[in-house]
Amino acid sequence: MLLQHTPTEPTVSTVSTVSTADWGRPRSAASAADGMAVASFVLGLVGLLVMNLLLGPIAIGLAATALRRGTARRGRALLGLALGVADLVALAVLVTVNGTVIWTFGG
């Protein structure tokens, strides 16, 4: 008695597809650059309120790295870059006007 093996066709779940946004890179590299773009935006936004000196340069560095790696979220990375620069400008204004790096409201 011989057993015959009939080949099965691959199902849809076993077929791998690559998005055109990935440009042939592994998904982890593309998602890492996208994550850096989002992180730069969030850190730049938070840096406008607290810890300008720390969060501003980090936002600038993450945005530059995300742009260099070719993120799909280019606009978000550019916003993170602009917000990081705005953090440092806000810090310079605080030091110039108040002579301190601490926000104060009122008198």
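Numbers at a glance
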quantity	calculated
Selection count, the stretch 48-59, where residues are more than 19 Å from ALA37 (Cβ to Cβ) and surrounded by 16 or more Cβ atoms within 10 Å (Cβ to Cβ)	1
Enumeration of residues in the stretch 60-107 that are under 17 Å from GLY35 (Cβ atoms), of a type in the set (A, V, I, L, M) and either open to solvent by 80 Å² or more (accessible area, probe 1.4 Å) or part of a helix (DSSP H, G or I) (or both)	ILE60, LEU62, ALA63, ALA64, ALA66, LEU67, ALA77, LEU78, LEU79, LEU81, LEU83
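One line per residue, one yes/no per condition, for (1) modelled with pLDDT of 90 or more; (2) of a type in the set (A, V, I, L, M, F, W, C); (3) more than 18 Å from the chain's Cα centre (by Cα):
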residue: GLN4; (1), (2), (3): no, no, yes
residue: VAL12; (1), (2), (3): no, yes, yes
residue: ARG25; (1), (2), (3): no, no, no
residue: GLY56; (1), (2), (3): yes, no, no
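The values are calculated or read from the model by the stated rules, or taken from the named source; none is laboratory data. Computed from a prediction, not measured in an experiment: that's the story for all the values here. Quick reminder, even Gly has a Cβ in these numbers, built from the backbone with ideal geometry, and neighbours come from all protein chains shown. Remember, those area values only see protein heavy atoms, side chains included, never the ligands or the DNA or RNA. Shrake-Rupley method; radii C 1.70, N 1.55, O 1.52, S 1.80 Å.
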